[in-house]
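Worksheet for the structure shown next.
The values are calculated or read from the model by the stated rules, or taken from the named source; none is laboratory data. In this text the structure is predicted, and so the values were computed from the model without any measurement. A quick note on method: Cβ atoms are made from the backbone with ideal geometry, for glycine too, and the neighbour counts reach across all protein chains shown. Note: accessible area is taken over every heavy atom of the protein model, side chains too, but ligands, DNA and RNA are not part of it. Shrake-Rupley method; radii C 1.70, N 1.55, O 1.52, S 1.80 Å.
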Amino acid sequence: MNYIDTHCHLDGEEFAQDRDAVVQRAREAGCTQIFLPAIDVASCRTVLDVCAQYPDYCRPILGLHPEEVRADWRDQLLAIRNLLLAVSQEPKAKSQKPIAIGEVGLDYYWSREFEQEQLEAFEEQVRWAVELQLPLIIHCRKAQNEMVHIIKKYAHDLPGGVFHCFTGNEQEARQLLEFPQFVLGIGGVLTFKKSHLPETLAAAVPLDRIVLETDAPYMAPVPLRGQRNESAFIRHVITRLAEAYGVSEEEICRQTNANVQKVFGGMCK
Ligand SMILES: [Zn+2]
């Protein structure tokens with residue numbers, strides 16, 4: 001069983017003590033690559049550091065997360081853009097070359113204090129994706145219509161991306177799938193007892209429109225719910241997906257790997 005974890009905060013301090021062991025367990029479980037999204041300037045640097053430590057295995061994704069958009073967002077964006085351009089144009093190694101912009105988006109779940117700033121920061125980074133022709137990793141909570149409105153403006157010129165941590169209903173899935181170059185990121189939520197996601201996916205989301213992700217250290221799947229999540233745990237998501245779609249676990253891996261290739265292209269192995 002070979003799969004790719006397209007969204008893992010492996011640079012987080014939760015992994016500071018045992019990162020080597022976490023990567024070792026991921027390899028043994030069949031995880032062939034891990035993509036690391038940043039959330040702010042500081043994490044852009046830690047993401048690049050971890051990718052340098054595991055050059056054949058980890059790939060960086062740089063951007064400003066909507067929950068990190070505050071009064072200083074313009075300074076944050078400027079610093080991230082400078083870093084993004086530097087490592088895109090002259091990476092110290094192939095493993096330093098960003099494979100996407102993220103994670104970016106809109107999040108009004110906790111607060112709308114920086115609603116306008118979030119909109120501006122998101123749109124700016126969508127323009128970077130067009131300019132650099134990099135896929136987008138989009139985080140969106142309580143703001144799908146606003147997010148879709150912005151993506152529509154650039155849809156023609158965007159190379160594609162992932163709607164990360166999709167947990168919506170059939171109607172929301174269909175709205176997102178109208179962007180043909182985008183896929184939905186599926187993780188631990190699929191396994192939660194009250195989740196309607198298995199039925200939603202089977203009814204409205206073709207298997208060629210999803211990729212696997214942990215969002216580690218968050219969102220550990222059942223039966224490990226509540227623990228620190230890690231890339232090796234994706235096998236529980238694969239098992240549940242195979243049940244939902246009525247196919248083998250191998251088929252889930254084969255198709256999601258092909259989907260990763262389609263979205264991220266030649267930038268990963
Ligand atoms: Zn994340």
Query raised in the report: What number of residues within the range 223-250 satisfy the criterion of being surrounded by fewer than 18 Cβ atoms within 10 Å (Cβ to Cβ) and either without any contact (Cβ under 8 Å) to a residue 40 or more places away in the chain or assigned to a loop (DSSP other than H, G, I, E, B) (or both)?
Result: 11
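Would you confirm, using the coordinates I've provided, whether L190 is under 30 Å from E14 (Cα atoms) and touching a residue at least 40 places away in the same chain (Cβ under 8 Å)? Break it down stepwise before answering.
Values: under 30 Å from E14 (Cα atoms): yes; touching a residue at least 40 places away in the same chain (Cβ under 8 Å): yes.
Here the answer is yes, as L190 does meet what is asked.
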Query - Flag for I80 being within 18 Å of F182 (Cα to Cα) and surrounded by 18 or more Cβ atoms within 10 Å (Cβ to Cβ) - result: no
Query raised in the report: Got at least one residue in the range 87-98 being in contact with a strand residue (DSSP E or B) (Cβ under 6 Å, 6 or more places away or on another chain) and either within 16 Å of the ligand (Cβ to nearest atom) or of a type in the set (S, T, Y) (or both)?
Result: yes
Report summary line: Scanning the range 76-106 for residues that are more than 19 Å from C58 (Cα to Cα) and under 15 Å from the mean Cα position of the chain (by Cα) gives V104, G105, L106
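Out of the strands (runs of 3 or more DSSP E) lying entirely within the range 111-209, which hold 2 or more residues that are open to solvent by 20 Å² or more (accessible area, probe 1.4 Å)? Lay out the reasoning, then the answer.
Working: elements: 136-141, 161-163, 182-186.
It comes to 136-141.
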Report summary line: Picked from the range 201-220 (must be within 13 Å of S231 (Cβ to Cβ) and touching a strand residue (DSSP E or B) at 6+ places or on another chain (Cβ under 8 Å)), the residue nearest to the ligand (Cβ to nearest atom) is D215
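Can you tell me how many residues in the range 101-118 are touching a residue at least 24 places away in the same chain (Cβ under 8 Å) and either under 21 Å from V41 (Cα atoms) or within 13 Å of the ligand (Cβ to nearest atom) (or both)? If you could, list the steps in order and put the result at the bottom.
We begin by selecting, within the range 101-118, every residue touching a residue at least 24 places away in the same chain (Cβ under 8 Å); these are 101-110, 114, 117-118.
Next, only the ones that are either under 21 Å from V41 (Cα atoms) or within 13 Å of the ligand (Cβ to nearest atom) (or both) stay: 101-107, 114, 117-118.
Counting residues in the range 101-118 that are touching a residue at least 24 places away in the same chain (Cβ under 8 Å) and either under 21 Å from V41 (Cα atoms) or within 13 Å of the ligand (Cβ to nearest atom) (or both) gives 10.
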Report summary line: Restricting attention to the range 83-106, the residues that are touching an Asp or Glu at 6+ places or on another chain (Cβ under 8 Å) and either surrounded by fewer than 23 Cβ atoms within 10 Å (Cβ to Cβ) or of a type in the set (G, A, S) (or both) number exactly 1
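In the range 2-16, which residues are part of a loop (DSSP other than H, G, I, E, B), of a type outside the set (A, V, I, L, M, F, W, C) and open to solvent by less than 10 Å² (accessible area, probe 1.4 Å)? Even if it seems obvious, please write down each step before you answer.
Step one: filter the range 2-16 for residues part of a loop (DSSP other than H, G, I, E, B), giving 2, 6-7, 9-12, 16.
Within this subset, residues satisfying the condition of being of a type outside the set (A, V, I, L, M, F, W, C) are 2, 6-7, 9, 11-12.
Matches in the range 2-16: T6, H7.
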Query raised in the report: Out of the residues in the range 17-29 that are touching a residue at least 40 places away in the same chain (Cβ under 8 Å) and either among the small types (G, A, S) or not in a helix (DSSP H, G or I) (or both), which is farthest from the ligand (Cβ to nearest atom)?
Result: A29
Query raised in the report: When the range 59-100 is examined, which residues are found to be within 20 Å of T46 (Cβ to Cβ) and among the polar types (S, T, N, Q)?
Result: Q76, N82, S88, S95, Q96
Requested in this report: Filter the range 30-55 down to the residues that are over 25 Å from F163 (Cβ atoms) and touching a residue at least 40 places away in the same chain (Cβ under 8 Å), then identify the one that is least open to solvent (accessible area, probe 1.4 Å).
Outcome: Y54
Requested in this report: Report the residue count in the range 140-159 for those that are under 24 Å from A86 (Cβ atoms) and in contact with a Leu (Cβ under 9 Å, 6 or more places away or on another chain).
Outcome: 2
Report task. Six or more apart or on different chains, Cβ under 9 Å: which pairs go from a residue in the range 60-82 that's closer than 20 Å to T6 by Cα to one that's crowded, with 24+ Cβ neighbours inside 10 Å and aromatic (F, W, Y)? Could you list them? Result -> P60/F35; I61/F35; L64/F122; P66/F122
